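A.B. asks: Questions regarding the structure given below will be posed in turn.
All of the numbers you see were taken from the coordinates with simple rules; none came from a lab. This one's a predicted model, so the numbers in the text were calculated from it and none came from an experiment. Note that each Cβ is placed from the backbone with ideal geometry, even for glycine, and that neighbours are counted across all protein chains shown.
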Amino acid sequence: MHLTRVLKKPLTVILALETVLVAGLGAAAWGVWHSRQQAPQAASTPSVAVPRQTGQRPLPASPGPPTPPASPAPPGPTPGFRTDAGFLARQLGDVNRDQAALENVEWRLVKAAMQGMKGYIEKVVVPAVERAERGGR
């Protein structure tokens, strides 16, 4: 088969473009993941010591760790799930509102489908059956 025939088919072109797109996204995701994996390792590596020549005085001792600030920062949220009543009530209210909206859309979709089927049966199927019954007698 010739290459030009294969490339003229839209399915082949779409599959090729999708493969290139997925490969590009995969490479970008790998690059982001790889850069995030290297960042903690770079922070934990000790600083490079300057080699001393023999006969030099020893370097002075470095000062201790920095002193903490006078007033501690306010504590952040504790790890885990929030279980206070106000937060849960808001979250459940949001979930219930979204669920009600979804059920409303589902019901409207089912109702429209039922009306469409009923109209098709009344306007297309029943007249065709009646014509077939009259013509057969």
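A.B. asks: Using a 7 Å offset from the Cα along the Cα-to-Cβ direction at both LEU15 and LEU88, what is the distance between the two label points in nm, to one decimal?
C.D. replies: Inter-label distance under the simple model: 5.3 nm.
A.B. asks: A follow-up question, please. Across 5 Å bins from the origin, how do the percents of Cα pairs in region 1-41 run, short distances first?
C.D. replies: Once binned at 5 Å, the Cα pair distances of region 1-41 give 5, 21, 14, 15, 10, 10, 8, 7, 5, 4, 1.
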